[in-house]
Every structure is written in structure tokens, then in C-alpha cells.
Amino acid sequence: MSDRVKVVQLITTMADGGAETLVKDYALLCDKEIVDMRIVTWSEPLGSANERVLKEASIPVLFLGEENAKHPTSNPFIKLYRRLNKFNCFKSLIINEQIDVIHVHLRFGRYLKALPDRVLKNVNLIYTLHNEPAKYFDPNGDKKQRFEYEEAKRLIDKFGLTIITLHDEMNKQIRALFNTNRVITVNNGIDFSRFDAKLYDRDLIRASLGIDKDVKVIGHVGSYTNQKNHELLIAIFSEYLKRDPKAKLLLVGKGVLKSQINDKIREMNLGENVISLENRSDIPQLMGAMDVFVLPSRWEGFPVVMIEAQKIGLPCVISDRINKEVVLSDRVAMLDIEGDIDTWLDAIDGKCEYMPVTGSFDDYDIHRSIDSLQRIYCGK
């Protein structure tokens, strides 16, 4: 086993977002005879479903921010010391364990700054872009965007960083932005064995949630962030209740805006019709309890949750800001988030034109994605 490739998956947190779930699936399903994988996260443990699953599977996860959670402090000197110590711990891990591959997700510039050139030269650097390129890399953007762009450019030119994109249009944008051929498209993979509606008892799941069999359930799975546009989702649902007062909105997720959205739900007197869940590892079962999936995002990279919803058999009503490559079934409606809310209500009731199918579910099988990754890790 000593000749296995040692891989670090480096990510900000192991919350329950799409990128984090993908990293979790990589760790669970990769070939242990080929890859020796561990996860490093910059945050403290969050108690998320992804963290629980990894722990149950004995997948090693290093939480660099764990000291902050155990011993919180307002002392600026201690805070600075702990911040510097996080970088030192990360550097020591890479050096002492002779890591072969660092696969970074989400924002990455500051993390790799911790590593000296002599280390970076001997490590295969990979970065997966999980969102629209302009959200992270912009030479003329804000401070963070400029820094990420400059750091990515440095790592590409000096250390051969490979960027993984999620679809062909993203691939073209990154090639042009960095003037590089070190770009590979690897589809976001899904463990389809879990997303089969026949595996689950719909009525039993609904009963566990306190939902009657004949109630219309509008569903959404996503972090409470500006990107996911919960404000519009709540406005749509409020209007839909005028058509169907018994309807339920099932929200699954957590995030920085959750308390704000919950306040809005209370202000609009929607509480009795909204079910809010978080830290769930039973997403397929919850989707099986829904009647329609709604995703009114302001932007997306490639939302895994959309493939999951389609695979379980849900009609989907989504924003036209999402790349059309996500349409794999014949029941996806794409609507303008600035358009008439009535068009969203009609689409939820199936009174709409559906988008043409643009791809195949087979292309998003997690095992295909992992095969591609393992070849990249091994330098093939």
C-alpha cells in the first residue's frame, strides 16, 4: 500500500453544500488501493451531515480551526497566533506526510501561500472551480477576486496548477482568462445508487415530516446564501399559497442568511406552511417526499442538487442564470428571476414549456468522475 498516491482534499469547511458533499463522496468512493486520501478543512467542526458520514466511515478529517471552537477568545494576539498556527499545521502536514497531491476547492489563494516554493514544486496542484469564474477570478475586480486571480496565475505559470472545470463553457472561460491549456473538465459526479425513488416509501417519509399524502410539497435544497436567492423563493411560495393554502415549502440547508430568511417567513405568516431542516444525510428520501423542486439561484457553477432532483424524478423549476448543461430530464423549466412571479407559479403547476434535454445522466455518474480524478492524481 506504500505506493498509493497521497492526496489532500483542501476545503474551507465540511458543511452540507454541493462542493463539500462532492469532496465527501470522493473520499468515500475512491479506490483505496490507489489513493490514500484525507480531508483538511480550514474551519472548526460544524456538526454537519457530511462530517458525520465521514466520521462513521473512518475517513480522516483535519479541522485546522478546531482550537478556536474549543477555546474561543477575543484576544487579538491569540487570534493572530492561531491563524498563523493553522498555516504552520497545514505546511507541516504536507511536508511530514509527503503529500503527493493537493486538491483545493472554493477559495484557495491564502492556503497555498503557506507553502514554500520547494514544497510546491514537488506536489501535484489541482483546483476545482465550483462556481462561475468571475465570482472568484477577476483581475479588475475586488480585492479578493484580484488576489485569487493573481495567485492562480502564479501557481499555473510557476508550479503547473491544473484547474478542473465543471462544464465546457467554464473550461473555455478559464483557458481564455489565464491563457493556459492546464484546464480539464470533470463533471460533478453523483452516487446514483441512492437517488432511486423506488427505494423509498414516499408516504412514510411524508408522515415522518408531518405532511399529509395529498399536500403539494415544493422543495429546495441549498445553503442560505445570496447565491441561492431564498428571498425570491419565499415570495413565490407566499403567492402560491393563494392558489393552494395547504401547500408546504420544504427547505433543506443552513447558512449565514438562515436567521434572516426565518425572520422573513415569520413576518409573512408562512410558518405553518414551511418546514425547515438542516444537517440531513437523507437528501434522496427528502426529495422523494417533494412534488416539485425549485432553484431560483442568482448564479451557479454546476449545481449537483439539480442532477439529484432530476434523477429522483422531480419536475424542476429553475433560474435561467443556471447553465443549460444541467438539463438532463424533459421536465425542467427555466425562468427569469426578474420576471413575473405568476410564470413561476404556473411552472410549479406544470403549466409551462420545458427545456430540451442537453445531456445524459451517465455523464454524471460519480464513478466516472472518480476514475477521471484518479488518472489526474496519478499524472496520467
Selected residue (criterion: nearest to the chain's Cα centre (by Cα)) from residues of the stretch 177-188 that are over 23 Å from Ile322 (Cβ atoms) and part of a loop (DSSP other than H, G, I, E, B): Arg182
Some residue of the stretch 327-340 being in a helix (DSSP H, G or I), outside the structural domain of Leu125 (by TED's automatic domain parsing) and either farther than 19 Å from Asn226 by Cα or in contact with a Gly (Cβ under 9 Å, 6 or more places away or on another chain) (or both): no
Criterion violated by Ile102 - all others in (1) outside any loop (DSSP other than H, G, I, E, B); (2) more than 20 Å from the chain's Cα centre (by Cα); (3) at pLDDT 95 or above satisfied: (2)
Any hit, the stretch 117-130, residues being among the hydroxyl-bearing types (Ser, Thr, Tyr), closer than 27 Å to Thr21 by Cα and surrounded by 12 or more Cβ atoms within 10 Å (Cβ to Cβ): yes
Subset of the stretch 103-117 [within 20 Å of Ala15 (Cα to Cα) and among the aliphatic types (A, V, I, L, M)]: Val104, Leu106
Hits in the stretch 38-58 (condition: within 19 Å of Ser281 (Cα to Cα) and either buried (at least 18 other Cβ atoms within 10 Å of the Cβ) or touching a Ser or Thr at 6+ places or on another chain (Cβ under 8 Å) (or both)): Ile39, Leu46, Ser48, Ala49, Asn50, Glu51, Arg52, Val53, Leu54
Residues of the stretch 130-176 satisfying the condition of being assigned to a helix (DSSP H, G or I), within 21 Å of the chain's Cα centre (by Cα) and acidic (Asp, Glu): Glu148, Asp168, Glu169
Number of positions in the stretch 119-129 that are over 23 Å from the mean Cα position of the chain (by Cα) and of a type in the set (A, V, I, L, M, F, W, C): 3
Filtered residue count, the stretch 156-168, keeping only those that are surrounded by 16 or more Cβ atoms within 10 Å (Cβ to Cβ) and either under 19 Å from Gln374 (Cα atoms) or modelled with pLDDT under 95 (or both): 7
One residue from Gly255, Gly189 being under 30 Å from Lys24 (Cβ atoms) and either in the same structural domain as Asp157 (by TED's automatic domain parsing) or in contact with an Asp or Glu (Cβ under 8 Å, 6 or more places away or on another chain) (or both): Gly189
Matching option when the condition is farther than 21 Å from Leu373 by Cβ and either exposed (fewer than 15 other Cβ atoms within 10 Å of the Cβ) or not hydroxyl-bearing (Ser, Thr, Tyr) (or both), among Phe108, Phe87: Phe87
Those residues of the stretch 94-105 which are surrounded by fewer than 16 Cβ atoms within 10 Å (Cβ to Cβ) and of a type outside the set (D, E, K, R), in sequence order: Ile95, Asn96, Gln98
Conditions (1) at pLDDT below 90; (2) touching a Leu at 6+ places or on another chain (Cβ under 9 Å); (3) within 24 Å of Gly17 (Cα to Cα); number of the one not met by Ile59: (1)
Only one of Asn50, Asn68 that is assigned by TED's automatic domain parsing to the domain that holds Thr165, at pLDDT 90 or above and in contact with a helix residue (DSSP H, G or I) (Cβ under 7 Å, 6 or more places away or on another chain): Asn50
Residue match in the stretch 43-58 (condition: assigned to a loop (DSSP other than H, G, I, E, B), touching a residue at least 24 places away in the same chain (Cβ under 8 Å) and of a type in the set (Ser, Thr, Tyr)): yes
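The values are calculated or read from the model by the stated rules, or taken from the named source; none is laboratory data. Just so it is clear, the structure is predicted and the values come from calculations on it, not from any experiment. Positions of Cβ are generated from backbone atoms using ideal geometry, with glycine treated the same way; all protein chains shown enter the neighbour counts.
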